[in-house]
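Novice: Below is a structure I'd like to ask you about.
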Amino acid sequence: MTAYLLKRIIIAALTLVLASIVVFAVMEILPGDPARLMLGLNASADQVEVLRNQMGLNAPLVLRYLHWAGGLLSLDFGRSYTYSVPVIDLVRERIVVSLPLALIALALSTIIAIPIGVFSASRQGRAGDTLVMGAAQLGVAVPNFWFALMLIYLFAVWLRLVPAGGFPGWSAGIWTALKSLLLPAVALALPQAAILGRVARSALIEVLNEDYIRTARAKGLPYRAVLWRHALRNAMIPVLTILGLQFAFLLAGTIIIENVFYLPGLGRLIFQAITQRDLIVVEGIVMLLVAAVILINLLVDFSYAIVDPRLRAIPGKVRSGFPSGIAPKQILRAVQRFRETRNRSRGRQ
Amino acid sequence: MTLRVDLPEETLAGVLAKAFGNRSFLIGLIITLLVVAVALLSFVWTPYDVTRLVIADKTQAPSWAHWFGTDHFGRDILSMIMVGARNSIAVALVAVGIGMGIGVPLGAVAAARGGIVDEALMRLNDLVFAFPALLSAIMITAIFGPGAVNAIIAIGIFNIPVFARVARAGALAIWPREFILAARAAGKGMTQITVEHILPNIATLLLVQGTIQFALGILAEAGLSYVGLGAQPPMPSWGRMLFDAQTRMVTAPWMAIFPGMAIVITVLGLNLLGDGIADILDPKSRRRR
């Protein structure tokens, strides 16, 4: 298992470094001189040149990258060109909106999806299953920002139950703040719950066909206990995979949803920064989100090993590194299955 | 000669009979054909001209004259949805084309060569997957500017690793088969085997993934247009229509309701079609889905 985890960690670190190079390169291509931007149109060429030197913009490309990337490691994202404050301060201000929003949406989608999956799988092929899966099929097709608009129309314009947008800040009281995050969280969560519910159902159905489920039933365990205790636990691998991917997706999804609800989160910040050509802020947020995605995927990889003890025995290279005589077919199948679901779900992102 | 080992006992008539007995496939096919027909129809006829602004008719509720109402410039929403279908289909289709055209060869090469080529390719895949698709699309349109063409590129780039993965996984499952061994014994090279034997056998996998990516492309295009990074006015696009509707939710909710329903119906149709094809061609997936 150590070899497996070590390989995942190395790959994650490598991906992060490559991603930082890509982000840095992209921002270098973008037109616009930050020094000129800070000083305004009336500044003389000399003034701009002095500031460029101060900001280190005239240093060689590689040095500038190393300086920037080195700063990232100590959470120093540089200073915003337009606000003249450290980027990390801007991020800190906004993340208290985006992160809770993504977490609430994730919790909501799990709470909705797991019972739906269990319900559908236990009634496979019957009317209830068809109905619920039809609804899920519809849910997958709904763009979350349109769903958000419909929610605003229903709950804010018609029923006047919640505010249509804006965020009063956590200082206005936790309940007031949560209330303004409720609609955005539902808008994010329901389409995700539809995907997760389908995954949970298919994973459960596959497990329910296994021999050990029949054994559990044969020894007299009630169906309910078998379903929730034995089957669900074994169906958790694909569900966890999707859950991890969804968190990354939700973090990015907040970018659009925050714009629908006028929430002062990271998504709004990145759009403002792009229109103001505040590239260093864009760089910082993109790197932060990318790092979050990589970290979450790493945690998902780790969690496989915790959820499924069979995987702990597996060395890093499953496909080619396994002496064929030793590998129990079951293990290989399990690994293949989770890689498949992971690939398939990545396609869905 | 091409071997189709995946469907040894199946004739075309058999597949067709199964296709028309599959509910999901039938409904999906009908919806998809309907959407395509509407898009094609818009080239020759729409109820109203979408480029003409009739301020006197602005934000009218749905009526017999304007089935889906009018927008803030007095344009007919139904006509705009019809023309917008063109844009959505074109963007998603070309983006799938880019993804397949580049991704499939990459995946096939990775599977055929293995070793360091494979490893390097998969790490590149990891890299692209680390960027949430929407975030990268925003970055790409921030560099090249907004517009339908850049939206296509942005969505297309993120289709590449998806198809590379599917092609690689599919090809890896075919390579150890006996008929490949026979082809090698007959003296065929890697390229020839890939083209003549591997690709025909993973075509169905790619077709299913293609419909999924098509549906996702339509969603992504709508999202990009919604934040102003997709097709630019006056070209009608579904996402852009939703953006215009957002500030008028109280006075003209129909401006948001109908374009959104157009997106949902189109994506639903494509997803059903994809599920249906997977069911018909792979009996195992019926149980799994």
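The values are calculated or read from the model by the stated rules, or taken from the named source; none is laboratory data. Remember, predicted model here, so these are calculated numbers, not experimental data. Positions of Cβ are generated from backbone atoms using ideal geometry, with glycine treated the same way; all protein chains shown enter the neighbour counts. To get the accessible areas, we keep the full protein, side chains included, count just its heavy atoms, and leave off ligands, DNA and RNA. Shrake-Rupley method; radii C 1.70, N 1.55, O 1.52, S 1.80 Å.
Novice: Just need a number here: residues in segment A:132-157 that are open to solvent by less than 30 Å² (accessible area, probe 1.4 Å), of a type outside the set (Gly, Ala, Ser) and more than 10 Å from chain B (Cβ to nearest Cβ).
Specialist: Final tally of qualifying residues: 1.
Novice: Is it true that some residue in segment B:121-133 is in a helix (DSSP H, G or I) and more than 13 Å from B:Ala164 (Cβ to Cβ)?
Specialist: The answer is yes, given that some residue of segment B:121-133 is in a helix (DSSP H, G or I) and more than 13 Å from B:Ala164 (Cβ to Cβ).
Novice: In segment B:40-50, which residues are of a type outside the set (Phe, Trp, Tyr) and open to solvent by less than 100 Å² (accessible area, probe 1.4 Å)?
Specialist: B:Leu41, B:Ser42, B:Thr46, B:Pro47, B:Asp49, B:Val50
Novice: How many residues does segment A:9-20 contain that are more than 7 Å from chain B (Cβ to nearest Cβ) and open to solvent by less than 50 Å² (accessible area, probe 1.4 Å)?
Specialist: Number satisfying all stated conditions: 2.
Novice: Follow-up question, since we're still on this one. Between A:Arg160, A:Arg198, A:Arg92, which is away from chain B (no Cβ under 14 Å) and open to solvent by 40 Å² or more (accessible area, probe 1.4 Å)?
Specialist: A:Arg92
Novice: Then there's this: From the list A:Val23, A:Val62, exactly one residue is aliphatic (A, V, I, L, M) and surrounded by fewer than 18 Cβ atoms within 10 Å (Cβ to Cβ). Which is it?
Specialist: After applying the criteria, what remains is A:Val62.
Novice: Given the options B:Gly239, B:Gly223, name the one that is under 17 Å from B:Ile153 (Cβ atoms), within 7 Å of another protein chain (Cβ to nearest Cβ) and not aliphatic (A, V, I, L, M).
Specialist: Values: B:Gly239 fails: within 7 Å of another protein chain (Cβ to nearest Cβ).
Every option except B:Gly223 fails the conditions.
Novice: While we're looking at this one, here's another question. One residue is enough: does segment B:228-238 have a residue meeting the conditions surrounded by fewer than 23 Cβ atoms within 10 Å (Cβ to Cβ) and under 16 Å from A:Asn259 (Cα atoms)?
Specialist: yes
Novice: Let me confirm something: among B:Ile218, B:Ile257, which residue is at the interface with chain A (Cβ under 10 Å from one of its Cβ atoms), surrounded by fewer than 24 Cβ atoms within 10 Å (Cβ to Cβ) and of a type in the set (Val, Ile, Thr)?
Specialist: Values: B:Ile218 fails: surrounded by fewer than 24 Cβ atoms within 10 Å (Cβ to Cβ).
Testing whether each residue is at the interface with chain A (Cβ under 10 Å from one of its Cβ atoms), surrounded by fewer than 24 Cβ atoms within 10 Å (Cβ to Cβ) and of a type in the set (Val, Ile, Thr) leaves just B:Ile257.
Novice: Another question about this same structure. Which numbered condition in (1) in contact (Cβ under 8 Å) with a residue 24 or more places away in the chain; (2) open to solvent by 20 Å² or more (accessible area, probe 1.4 Å); (3) more than 12 Å from chain A (Cβ to nearest Cβ) is the only one that B:Gly187 fails?
Specialist: Checking B:Gly187 against (1) in contact (Cβ under 8 Å) with a residue 24 or more places away in the chain; (2) open to solvent by 20 Å² or more (accessible area, probe 1.4 Å); (3) more than 12 Å from chain A (Cβ to nearest Cβ), the one that fails is (1).
Novice: So, of the residues in segment B:159-169 that are more than 8 Å from chain A (Cβ to nearest Cβ) and open to solvent by 10 Å² or more (accessible area, probe 1.4 Å), which turns out to be nearest to B:Arg86 (Cα to Cα)?
Specialist: B:Ile160
Novice: Moving on to the next point. Is there a residue in segment A:132-146 that is assigned by TED's automatic domain parsing to the domain that holds A:Leu232, part of a helix (DSSP H, G or I) and over 27 Å from the mean Cα position of the chain (by Cα)?
Specialist: So far as segment A:132-146 goes, no, none of its residues is assigned by TED's automatic domain parsing to the domain that holds A:Leu232, part of a helix (DSSP H, G or I) and over 27 Å from the mean Cα position of the chain (by Cα).
Novice: Tell me, which residue of segment A:222-250 that is within 21 Å of B:Leu216 (Cα to Cα) and aromatic (Phe, Trp, Tyr) is most open to solvent (accessible area, probe 1.4 Å)?
Specialist: The extreme case among them is A:Phe249.
Novice: As an exercise: evaluate A:Leu51 against (1) modelled with pLDDT of 80 or more; (2) open to solvent by less than 50 Å² (accessible area, probe 1.4 Å) and give the number of the one condition it does not meet.
Specialist: (1)
Novice: Any residue at all in segment B:134-148 that's closer than 25 Å to B:Leu199 by Cα and open to solvent by 10 Å² or more (accessible area, probe 1.4 Å)?
Specialist: Checking segment B:134-148: not a single residue is closer than 25 Å to B:Leu199 by Cα and open to solvent by 10 Å² or more (accessible area, probe 1.4 Å).
Novice: So if I check each of A:Leu188, A:Leu183, A:Leu178, which one is aliphatic (A, V, I, L, M), surrounded by fewer than 18 Cβ atoms within 10 Å (Cβ to Cβ) and assigned to a helix (DSSP H, G or I)?
Specialist: Sole residue among the options that is aliphatic (A, V, I, L, M), surrounded by fewer than 18 Cβ atoms within 10 Å (Cβ to Cβ) and assigned to a helix (DSSP H, G or I): A:Leu178.
Novice: Considering only segment A:251-282, how many residues are of a type in the set (D, E, K, R) and either open to solvent by 30 Å² or more (accessible area, probe 1.4 Å) or at the interface with chain B (Cβ under 9 Å from one of its Cβ atoms) (or both)?
Specialist: Looking only at that region, the number is 2.
Novice: Criterion first (free of Cβ contacts under 8 Å to residues at least 60 places away in the same chain, open to solvent by less than 30 Å² (accessible area, probe 1.4 Å) and at the interface with another protein chain (Cβ under 10 Å from one of its Cβ atoms)) does B:Val250 satisfy it?
Specialist: No.
Novice: While we're on this one: So the check is Cβ under 9 Å with 6+ separation or different chains; which pairs have a first residue in segment A:221-233 that's touching a residue at least 40 places away in the same chain (Cβ under 8 Å) and a second one that's among the basic types (Lys, Arg)?
Specialist: Taking only residues 6 or more apart or on different chains, the pairs are A:Tyr223/A:Arg217.
Novice: All but one of (1) crowded, with 21+ Cβ neighbours inside 10 Å; (2) away from chain A (no Cβ under 14 Å); (3) part of a helix (DSSP H, G or I); (4) not polar (S, T, N, Q) hold for B:Pro200; which doesn't?
Specialist: Here B:Pro200 meets the rest and fails (1).
Novice: Another question, if that's okay. All but one of (1) at pLDDT 80 or above; (2) over 30 Å from A:Leu299 (Cβ atoms); (3) open to solvent by 90 Å² or more (accessible area, probe 1.4 Å) hold for A:Leu6, so report the exception by its number.
Specialist: With respect to (1) at pLDDT 80 or above; (2) over 30 Å from A:Leu299 (Cβ atoms); (3) open to solvent by 90 Å² or more (accessible area, probe 1.4 Å), A:Leu6 is out only on (2).
Table: residues versus (1) surrounded by fewer than 20 Cβ atoms within 10 Å (Cβ to Cβ); (2) within 24 Å of the chain's Cα centre (by Cα); (3) closer than 22 Å to B:Leu219 by Cβ.
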{"site": "B:Met82", "(1), (2), (3)": "no, yes, yes"}
{"site": "B:Ala85", "(1), (2), (3)": "no, yes, yes"}
{"site": "B:Ser88", "(1), (2), (3)": "no, yes, yes"}
{"site": "B:Val91", "(1), (2), (3)": "no, yes, yes"}
{"site": "B:Gly101", "(1), (2), (3)": "yes, yes, yes"}
{"site": "B:Val104", "(1), (2), (3)": "no, yes, no"}
{"site": "B:Gly107", "(1), (2), (3)": "no, yes, no"}
{"site": "B:Arg113", "(1), (2), (3)": "yes, no, no"}
{"site": "B:Asp118", "(1), (2), (3)": "yes, no, no"}
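Novice: Another question, if that's okay. State the number of residues belonging to segment A:45-103 that are among the small types (Gly, Ala, Ser) and outside any loop (DSSP other than H, G, I, E, B).
Specialist: Of the residues in segment A:45-103, 6 are among the small types (Gly, Ala, Ser) and outside any loop (DSSP other than H, G, I, E, B).
Novice: Looking at segment A:301-308, can you tell me whether even one residue there is more than 9 Å from chain B (Cβ to nearest Cβ), open to solvent by 10 Å² or more (accessible area, probe 1.4 Å) and outside any helix (DSSP H, G or I)?
Specialist: Scanning segment A:301-308 turns up at least one residue that is more than 9 Å from chain B (Cβ to nearest Cβ), open to solvent by 10 Å² or more (accessible area, probe 1.4 Å) and outside any helix (DSSP H, G or I).
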